[in-house]
Amino acid sequence: MKGTSEILEQAIEQLATLPGTGRKSARRIALHLLKRDRESVLRLADALVDLKQSITRCSICGVISDGDPCTICSSTKRDSEKICVVEESQDVFLIEKTNEFRGRYHVLGGLISPLDNIGPDDIRINQLMKRVKEDREPIEEVILALNPDSKGEATAYYINKLLNSFEDIKVTRIAYGIPMGTELEFIDEATLSRAFASRNTF
Ligand SMILES: [Zn+2]
């Protein structure tokens, strides 16, 4: 049975398109919203509209931002000679939380994936090369912080090859290791071999 309200069904249908939300949870959310007072639901709706209409991307690094350039690119306190290359904006937010990196970022917006027909020109690699060539202050280090899977590897390999022509730029990768608190027997071979390869002096 479809129910007695077409409007409710439509809300459920839309909510069910969100990641991690099946029809069951979508129905629960829709019924919850119905119970909430009008003002709070309108605030939620406004926030969603703003999210799409007012947020932009930094034209320099590509991160999701309220302004262009973003606060990181326009800050004078960041190391301008270091660029950390990541796949998506959320990687920037994660790395920022660690307080380990004080340089700037470059968001690729995807990874090279021949199987999905995504080549180097489909992600922001050209923009990265342009930055490296034209930046007012010389870039000394490009840190590749991409996922340790086949797409991340392919992309890192490709970028490294392009950057090899710049003698003054050091290309590094973040070390992939064993998660804290995990026993060795539960680690897959690829992770273990990468952890060995990127071992540090004790
Ligand atoms: Zn930026």
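The values are calculated or read from the model by the stated rules, or taken from the named source; none is laboratory data. Model, not experiment: these values are computed from the prediction. Positions of Cβ are generated from backbone atoms using ideal geometry, with glycine treated the same way; all protein chains shown enter the neighbour counts. Each accessible area value is taken on the protein alone, full model and side chains, heavy atoms only, with ligands, DNA and RNA left out. Shrake-Rupley method; radii C 1.70, N 1.55, O 1.52, S 1.80 Å.
General remarks:
- Residue in the stretch 161-171 that is in a helix (DSSP H, G or I), modelled with pLDDT of 85 or more and open to solvent by 60 Å² or more (accessible area, probe 1.4 Å) present: yes
- Enumeration of residues in the stretch 67-115 that are acidic (Asp, Glu) and closer than 22 Å to Ile159 by Cα: Asp79, Glu81, Glu87, Glu88, Asp91
- Val92, sole failed condition from (1) within 29 Å of Arg199 (Cβ to Cβ); (2) in contact (Cβ under 8 Å) with a residue 60 or more places away in the chain; (3) under 13 Å from the mean Cα position of the chain (by Cα): (2)
- Test: residue in the stretch 108-117 that is under 20 Å from Leu163 (Cβ atoms) and outside any loop (DSSP other than H, G, I, E, B): no
- Residue list for the stretch 60-94, filter: open to solvent by 80 Å² or more (accessible area, probe 1.4 Å), outside any helix (DSSP H, G or I) and more than 30 Å from Leu15 (Cβ to Cβ): Asp68, Thr76, Lys77
- Residue under evaluation Arg124, criteria (1) open to solvent by less than 20 Å² (accessible area, probe 1.4 Å); (2) touching a residue at least 40 places away in the same chain (Cβ under 8 Å); (3) within 23 Å of Asp168 (Cα to Cα), criterion not met: (1)
- Candidates Arg28, Arg102, Arg38, Arg23, filtered to the one that is within 16 Å of the ligand (Cβ to nearest atom) and free of Cβ contacts under 8 Å to residues at least 60 places away in the same chain: Arg102
- Selection within the stretch 2-36 - at negative phi and either outside any helix (DSSP H, G or I) or in contact with a Pro (Cβ under 6 Å, 6 or more places away or on another chain) (or both): Lys2, Thr4, Ser5, Ala16, Thr17, Leu18, Pro19, Thr21, Gly22, Arg36
- Scan of the stretch 95-107 for residues that are of a type in the set (Val, Ile, Thr) and either part of a helix (DSSP H, G or I) or open to solvent by 40 Å² or more (accessible area, probe 1.4 Å) (or both), ordered by number: Ile95, Thr98
- Qualifying positions in the stretch 172-199 - open to solvent by 100 Å² or more (accessible area, probe 1.4 Å) and without any contact (Cβ under 8 Å) to a residue 24 or more places away in the chain: Met180, Glu183, Leu184, Glu185, Phe186, Glu189, Phe196, Arg199
- Residue check for Pro120: under 26 Å from Glu137 (Cβ atoms) and more than 16 Å from the ligand (Cβ to nearest atom): yes
- Boolean, Leu94 is at pLDDT 95 or above and not charged (D, E, K, R): no
- Test: residue in the stretch 46-57 that is closer than 30 Å to Val142 by Cβ and either without any contact (Cβ under 8 Å) to a residue 12 or more places away in the chain or not polar (S, T, N, Q) (or both): yes
- Note on the stretch 41-59: among residues that are within 11 Å of the ligand (Cβ to nearest atom) and not charged (D, E, K, R), the one that is most open to solvent (accessible area, probe 1.4 Å) is Ser59.
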